[in-house]
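See below for the structure under consideration.
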Amino acid sequence: MDKIKKFEQYLILQGLKPQPYLDSMMSILKNVKVLNQDTINDYFLNFNKKIETYNMHIKALKKWKECFGIDIDLPKYRKRENLLPKYLDEKYFREEILKKIGVIFNKKKTIKVRALLLFMFYTGIRKSEIINLKRKDIFLLDKKAIITEIKTKKQRVVFFTDEVAEALITYFETEEEKLNAFNLTKQRINYIFRLLKQNFGDKKDSIFAHAFRHSFAVNAIRKNVPLSVVKKLLGHSNIKTTMRYVQVDDKALEEIYREHIK
């Protein structure tokens, strides 16, 4: 029997989803022709992909060892640095991005992009949830929306401000719904953020769709919204996920110091 097929069957019998392990092993075997201590050490010493991929390759090799009885020592998992997620503070978002998008996009597109950015910044909605959002799920008078999470199919309620509601109304009047609430694909959302990044170079590392979710969380916590409420609004299943937004960066630390210690 082919080794990959045997490995797949082993993973299934272990109650594991085989594809991530198979993908990792295929990548390893493509680069390492003979599995022994020297080749494995060399492989991981020169591994320059992200930490999650590095750790997944180790997990896959552990299962491969179990399956075929190979005696090889594997490196330890790498730990992720506990860094504050990339985000934009509200002042920068309002005074820089919102004020200048009219220079980047034409008039009609500006109306659409403004509504999208405001909605994302003040709800913390994921990009995948934007793609699946329908206008029937947005209640403009109540200023809230029902979000269906992609992975779990669970629903949660998010709320938005009068300003966001007005931006949505203005946009909806200019374009009827065809694909989804914003008539955007994943690729088009990526394109919008790519253009923004090109025009705001000083914050380019914080201008991507998921950073707006981070921004909502950080700014909500800075406004003393209880952590349990932020958790619920973001749809986190574990409060530890929300806790990472409590970390205070150096700039915020200085602002708090200057405000309270004269």
Could you give me the residue pairs with C-beta distances under 7 Å whose first residue belongs to the range 201-220 and is over 19 Å from GLY235 (Cβ atoms), whose second residue is assigned to a helix (DSSP H, G or I) and among the hydroxyl-bearing types (Ser, Thr, Tyr) wherever it lies, and which are 6+ apart or on separate chains? LYS203/TYR92
For the range 226-262, what are the residues that are over 19 Å from the mean Cα position of the chain (by Cα), β-branched (Val, Ile, Thr) and modelled with pLDDT of 90 or more? VAL229
Per the list (1) in the same structural domain as PHE193 (by TED's automatic domain parsing); (2) touching a residue at least 40 places away in the same chain (Cβ under 8 Å); (3) part of a loop (DSSP other than H, G, I, E, B), residue check on PRO85 breaks on (1)
Those helices (runs of 4 or more DSSP H) lying entirely in the range 91-185 with at least 3 residues within 20 Å of VAL225 (Cβ to Cβ) and out of contact with any Pro (no Cβ under 6 Å at 6 or more places or on another chain): 107-123, 162-174
Has the range 31-39 got at least one residue that is within 30 Å of the chain's Cα centre (by Cα), acidic (Asp, Glu) and not assigned by TED's automatic domain parsing to the domain that holds LEU118? no
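Please determine whether any residue of the range 20-42 is of a type in the set (Lys, Arg) and under 30 Å from ILE207 (Cα atoms).
Keep residues of the range 20-42 that are of a type in the set (Lys, Arg), which gives 30, 33.
Still in the running and under 30 Å from ILE207 (Cα atoms): none.
No, there is no match, as no residue in the range 20-42 is of a type in the set (Lys, Arg) and under 30 Å from ILE207 (Cα atoms).
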In the set LYS127, LYS134, the lone residue that is closer than 25 Å to LEU234 by Cα, among the basic types (Lys, Arg) and surrounded by 15 or more Cβ atoms within 10 Å (Cβ to Cβ) is LYS127
Looking only at the range 83-102, decide whether some residue is out of contact with any Leu (no Cβ under 7 Å at 6 or more places or on another chain), loosely packed, with under 15 Cβ neighbours inside 10 Å and of a type in the set (Ser, Thr, Tyr). no
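Considering only residues that are part of a helix (DSSP H, G or I) and crowded, with 16+ Cβ neighbours inside 10 Å, which ones fall in the range 200-209?
Let us first name the residues in the range 200-209 that are part of a helix (DSSP H, G or I), namely 201-206, 209.
The answer is LYS203, SER206, ALA209.
Going by the structure shown, is LYS49 closer than 18 Å to ARG80 by Cβ, exposed (fewer than 14 other Cβ atoms within 10 Å of the Cβ) and without any contact (Cβ under 8 Å) to a residue 60 or more places away in the chain?
Values: closer than 18 Å to ARG80 by Cβ: yes; exposed (fewer than 14 other Cβ atoms within 10 Å of the Cβ): yes; without any contact (Cβ under 8 Å) to a residue 60 or more places away in the chain: yes.
So LYS49 passes the test.
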Among the residues of the range 93-112, is any small (Gly, Ala, Ser), in contact (Cβ under 8 Å) with a residue 12 or more places away in the chain, outside the structural domain of ASP23 (by TED's automatic domain parsing) and within 26 Å of SER215 (Cβ to Cβ)? no
Residue within the range 236-250 that is in contact with a helix residue (DSSP H, G or I) (Cβ under 9 Å, 6 or more places away or on another chain), of a type in the set (D, E, K, R), in a helix (DSSP H, G or I) and farther than 21 Å from SER128 by Cβ present: no
Out of all the residues in the range 173-189, is one or more at pLDDT 85 or above, in contact with an Asp or Glu (Cβ under 7 Å, 6 or more places away or on another chain) and small (Gly, Ala, Ser)? no
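Can you pull out every residue in the range 14-72 that is outside any helix (DSSP H, G or I) and aliphatic (A, V, I, L, M)?
In the first step, residues of the range 14-72 are kept if they are outside any helix (DSSP H, G or I); the result is 14-17, 32-36, 46-50, 69-72.
Scanning the range 14-72 gives LEU16, VAL32, VAL34, LEU35, ILE70, ILE72.
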Given the condition surrounded by fewer than 15 Cβ atoms within 10 Å (Cβ to Cβ) and under 20 Å from THR110 (Cβ atoms), answer yes or no: does some residue in the range 141-156 qualify? no
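The values are calculated or read from the model by the stated rules, or taken from the named source; none is laboratory data. Please read all numbers here as calculations on a predicted model, not as lab measurements. Note that we place each Cβ from the backbone using ideal geometry, even for glycine, and neighbour counts take in every protein chain shown.
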